[in-house]
Amino acid sequence: MSVPVTGRASAAAAGESTWHAAWLPPAAFRELGSRPVLVHGDGLLVDTVLDEVSRACARYGGRVWHGPPWQVDADLVLALREAGPVPNAAAEAARLGATPAVNGSGDGGLGDEGYLLARTNGVTVVLADAPAGLLYGMFHVVRLGAAAFDDDLPARRHRPALDRRMLDHWDNVAVHPVSGQVERGYAGGSLFWRDGAARREPARLRDYARLLAACGVNAVSVNNVNVHDTEALLLTDRLGDVAEIAEVLRPYGIRVHLSVTFAAPVVLGGLPTADPLDDRVRAWWIDATRRVYQRIPDFGGYLVKADSEGRPGPFAYGRDHADGANLLAEALAPHGGVVRWRAFVYDHHQDWRDRSTDRARAAHDHFAPLDGRFADNVILQVKFGPIDFQPREPVSPVLAAMPATRLAVEVQATQEYTGQQRHVCYLGPWWSEVLRFRPRGEAGGTIADVAAGRAGAGGGLAAVANVGDDPFWTGHPLAQANLYAFGRLAWDPLLDPGAILDEWIDLTWLPVTTGDPEAVRRTMHAIMDDSWRTYERYTAPLGVGFMVRPGHHYGPDVDGYEYTPWGTYHFADRDGVGVDRTRATGTGFTGQYPPPWSEVYESRERCPDELLLFFHHVPYGHVLHSGRTVIQHIYDTHFAGVEEVAAMRERWRLLAGAVDPAVHDRVAERLDEQLRSAVEWRDQINTYFFRKSGVPDAHGRRIH
Ligand code: GCV
């Protein structure tokens with residue numbers, strides 16, 4: 001059919017939507033949309049590219065060509081190589097590899113998601129071998145803006161470092177009496193479910209899928225890992241709801257996964273057992289899974305939390321987690337699906353009097369001995385730290401202990417322990433630190449290498465999602481940067497988090513929508529760059545963690561968990577503080593690390609300051625590498641943290657008038673709360689340790 005293709009105006013542009021555009025406001029497409037663009041190729045995701053480009057061109061005066069008769073002098077060519085000759089000389093030369101710039105880029109395989117981006121003879125060319133590559137290439141052009149059309153744009157091949165880039169939604173279908181619609185959700189309701197039913201709001205879901213594709217996410221799980229009765233039915237009776245979601249997300253290259261309960265054969269199938277070695281149980285999973293693939297042919301697989309915090313699992317039958325995971329893997333394998341089995345298994349019925357139990361040890365104790373026993377399509381999903389998404393923890397030793405297992409690293413975008421989207425806490429630097437960590441020392445690979453696996457077979461990166469039906473998507477508008485950074489780091493874990501923040505600022509706060517773009521950029525960086533460390537300063541000190549209010553986990557409560565069955569975290573007394581996890585005198589957790597970290601963490605002298613209290617119980621007078629005593633560090637960082645938040649608030653105030661008033665108000669209101677909360681943290685932590693230790697602040701500041 002002849003062209004040009006005219007696009008429909010976006011719902012947002014037509015003023016229909018009640019939610020913000022986040023990092024894809026229409027103006028982000030201005031450069032692309034004001035040019036002649038040629039799209040070459042076919043397929044569902046190519047249609048998405050075509051739709052995006054058409055909408056942009058309808059808005060900004062460009063034209064789109066797809067199919068003959070062609071307009072050949074395009075400024076931008078987006079082509080599938082397999083679609084055959086491109087009717088544009090420069091692009092065709094690039095496709096054939098005849099362009100020196102393209103040859104120089106090391107154009108080998110582009111894979112299912114990769115693309116080649118080059119500027120050749122005055123034409124910007126995106127070439128891909130598969131439709132998803134074209135989609136990601138188009139979003140790269142959007143990210144670059146005018147720079148995508150500079151003649152000195154370097155030719156480069158782009159491929160994701162991690163094949164699996166997933167968001168886990170802890171969304172409940174039915175509102176749960178304790179955890180609500182979204183467990184640990186701080187951004188309103190669920191995008192998928194409301195009050196026991198599917199929401200069926202495809203326009204919003206489609207916009208969500210766009211946001212995710214534009215930062216590189218390619219998988220989601222649509223329900224909470226704590227699978228309650230209503231949610232269990234998503235696997236069977238309510239499967240149609242999941243299929244509908246998959247339908248909306250598919251055009252943006254996003255594969256749907258489902259959290260399932262290990263007890264499904266009992267609760268859904270009426271069997272007397274869920275024993276993984278029982279033939280009836282195996283048959284039940286095989287049949288249920290076959291039905292899933294009948295409805296959703298590209299279904300990603302299952303996510304499972306088993307034997308954890310009260311969830312059913314294989315232990316009930318005297319089986320281990322390899323038996324459990326392999327049961328589901330067997331059912332998924334014929335269809336190309338994976339089971340993502342979580343390693344978050346620990347005893348939450350501890351006795352605080354028993355000093356030998358250490359929650360940090362649990363995942364390694366349970367899983368490391370199982371290395372090599374998991375089926376090929378099992379991915380063991382491991383929280384990045386040994387405890388639970390604290391603002392500071394060492395990297396989990398499990399990630400260095402299972403070379404024969406596909407491992408995924410799990411981080412938490414939803415800010416359960418990092419300010420619950422009421423505090424600004426840009427997590428890019430923290431995740432980047434984790435991904436760059438080398439568990440075997442300088443000569444060994446990084447955590448990102450572990451997630452990538454051999455020949456791309458790793459489990460990749462997963463984040464617990466921080467999104468909901470809030471108009472700003474993430475409650476705190478600045479928390480959008482965490483979602484964006486997650487996707488970008490999953491695509492390329494070596495990206496600099498500061499540069500990622502710049503990308504997000506460029507895409508979100510476009511010059512046409514801000515009064516003073518440079519002031520906006522400066523302010524965003526000043527507020528966000530160091531915000532994770534600021535958060536760390538005014539909360540729990542030196543890696544000790546978990547000084548939060550039990551249950552909801554917001555605000556300080558130094559002893560809140562200290563004598564509970566969930567674990568003991570600081571052991572503060574009149575003489576000192578910290579958990580002795582050494583081999584010499586403590587729980588032995590340091591022994592779960594390979595050298596050099598087993599030695600570094602074992603030694604009080606060599607242990608990094610920021611993790612000292614995670615590994616050692618030390619006197620308040622212990623002198624840190626920084627030269628300060630532990631007690632003085634506690635006082636100093638807590639005073640400094642509050643001052644930093646006060647400065648953030650002031651900086652934001654000055655942006656009034658330069659950004660959308662609705663965004664300004666929302667952030668301003670959250671910064672007020674952040675300051676209130678930071679003061680509360682400072683005063684409780686400082687007072688607690690002053691009363692325990694009796695040591696006054698060297699600077700005579702007010703401690704209550
Ligand atoms: C979904 C922490 C959270 C729980 C969460 C659990 C998990 O314990 O507080 O809400 O449950 O982690 O990761 O499974």
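The values are calculated or read from the model by the stated rules, or taken from the named source; none is laboratory data. In this text, all values refer to a predicted model and were calculated from it rather than measured experimentally. Note that each Cβ is placed from the backbone with ideal geometry, even for glycine, and that neighbours are counted across all protein chains shown. For accessibility, only protein heavy atoms count, side chains too; no ligands or nucleic acids. Shrake-Rupley method; radii C 1.70, N 1.55, O 1.52, S 1.80 Å.
Summary of computed values
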quantity: Spatial separation of Cα centroids for segment 115-157 and segment 239-264, in angstrom; calculated: 31 Å
quantity: Net +/- balance of residues flanking residue 526 in space, Cβ distance below 11 Å, scoring K and R +1, D and E -1; calculated: -1
quantity: Euclidean distance between Cα centres, segment 677-704 to segment 569-607, Å; calculated: 25 Å
quantity: Charge tally in the Cβ shell below 10 Å around residue 182, where Lys, Arg are +1 and Asp, Glu are -1, residue 182 excluded; calculated: -2
quantity: Cα shape, segment 417-563, gyration tensor, a/c 1.5 rule; calculated: oblate
quantity: The chain - charge dipole about Cα centre, Lys and Arg +1 at Cβ, Asp and Glu -1, debye rounded to 20; calculated: 140 debye
quantity: Positive-end residue of 480, 77, 382, charge dipole of the chain with Cβ unit charges; calculated: 77
quantity: With every protein chain in place, segment 425-553: carbon and sulfur % of accessible area (1.4 Å); calculated: 53 percent
quantity: Loop-located chymotrypsin sites (Phe, Trp or Tyr not before Pro) in segment 477-567 whose Cβ has at most 11 other Cβ within 10 Å (DSSP); calculated: 563
quantity: Dipole-positive endmost among 246, 671, 160 within the chain (Cβ charges, Cα centre); calculated: 160
quantity: Along the chain, longest interval not containing exposed trypsin sites (Lys or Arg not before Pro), exposed being DSSP loop plus at most 10 other Cβ atoms within 10 Å; calculated: 1-352
quantity: Surface accessible to a 1.4 Å probe, per residue, for the residues of segment 47-160, Å²; calculated: 37 Å²
quantity: Positive minus negative residues near residue 224 (Lys, Arg vs Asp, Glu; Cβ under 11 Å); calculated: -1
quantity: Karplus-derived 3J(HN,Hα), 6.51/-1.76/1.60, for each residue of segment 480-489, Hz, glycine and proline x; calculated: 4, 4, 5, 5, 4, 5, 4, x, 5, 6
quantity: Virtual spin-label span in nm between residue 179 and residue 499, 7 Å along Cα→Cβ; calculated: 3.7 nm
quantity: Probe 1.4 Å - accessible area at residue 600, Å² to nearest ten; calculated: 20 Å²
quantity: Positive-end residue of 120, 334, 398, charge dipole of the chain with Cβ unit charges; calculated: 120
quantity: Helical mean residue ellipticity (222 nm; -39500 (n - 2.57) per DSSP H run of 4+; nearest 500) of the chain; calculated: -10500 deg cm²/dmol
